[in-house]
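The values are calculated or read from the model by the stated rules, or taken from the named source; none is laboratory data. Keep in mind that what you see is a predicted model, and the values were worked out from it rather than measured. No Cβ is skipped: glycine too gets one built from the backbone with ideal geometry, and neighbour counts run over all protein chains shown.
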Ligand SMILES: C[S@@+](CC[C@H](N)C(=O)[O-])C[C@H]1O[C@@H](n2cnc3c(N)ncnc32)[C@H](O)[C@@H]1O
């Protein structure tokens, strides 16, 4: 079946953005990150013990989380469909002396994994590129063992709306129908698409696919003088600091397969 043009757009877009994104981001390979400028795993303690566990990172990009998990003693598979992102990940993983199975594949449907393969799934800032949440979560359920953990971070629905530059206020036009964002880098042939979901839509999709939600967070950025403690930062966040201080950028969910 031919890949839809907007999926080709996302993949091509990430190939084009990868070099800049990786050089301008400051993402830890020693601590799992969930949200920009916010506390990571060392403070949030979301993960059940991962020692010796079989984990997969979906939409792994530079796969910094996969490396951090491997350093905690997990066996990790990292999946992304952007060769440029994975190429960065592979070189960094060699430097970090971590052993990770890298797979270049589309995460919308996980047919390439057998049932009940993994003890845990982590996916950070990739869900917003997935069109059919129900298919994604039912596949997550299929590849997880019973009791397996699903750790997600995605763009907060309020991130869909425009800020008024003069008043620095957020114009939430219709929360119940968040806009779908079409985006394109220079040289990109097809538009990529980012989907925003209300908290209810996201929560319901997780629960309806056989998971129990244990934690739901809307992480607040750290105070400026503590920002260095965040495993996910980068200079480009400076201009958005005031905004992310007042409106959450990410929504984080920990759920367990029933
Ligand atoms: C914002 S980056 C996040 C990367 C990483 N998880 C992190 O936290 O730094 C989004 C990643 O999702 C990947 N991605 C988006 N849609 C995908 C899909 N359908 N299949 C596989 N990877 C996808 C992109 O290639 C990109 O590397």
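Quick look at the numbers
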| item | result |
| --- | --- |
| Tally of residues being touching a strand residue (DSSP E or B) at 6+ places or on another chain (Cβ under 7 Å) and within 11 Å of the ligand (Cβ to nearest atom) across the stretch 111-136 | 8 |
| Selection count where residues are within 17 Å of the chain's Cα centre (by Cα), within 13 Å of the ligand (Cβ to nearest atom) and outside any loop (DSSP other than H, G, I, E, B), scope the stretch 13-54 | 11 |
| Considering residues of the stretch 91-102 that are surrounded by fewer than 14 Cβ atoms within 10 Å (Cβ to Cβ) and in contact (Cβ under 8 Å) with a residue 24 or more places away in the chain only, the residue nearest to residue 113 (Cα to Cα) | 101 |
| Condition check for residue 74: at pLDDT 95 or above and within 15 Å of the ligand (Cβ to nearest atom) | no |
| Lone qualifier among 174, 166, 208 - being at pLDDT 95 or above, over 26 Å from residue 108 (Cβ atoms) and out of contact with any strand residue (DSSP E or B) (no Cβ under 7 Å at 6 or more places or on another chain) | 174 |
| Boolean, residue 159 is away from the ligand (no atom under 11 Å from the Cβ), more than 12 Å from residue 56 (Cβ to Cβ) and either at pLDDT below 95 or not in a strand (DSSP E or B) (or both) | yes |
| Inter-residue pairs, beta-carbon under 6 Å, first farther than 14 Å from residue 106 by Cα and in contact (Cβ under 8 Å) with a residue 24 or more places away in the chain and in the stretch 2-23, second more than 9 Å from the ligand (Cβ to nearest atom) and in a helix (DSSP H, G or I), 6+ apart | 22/88 |
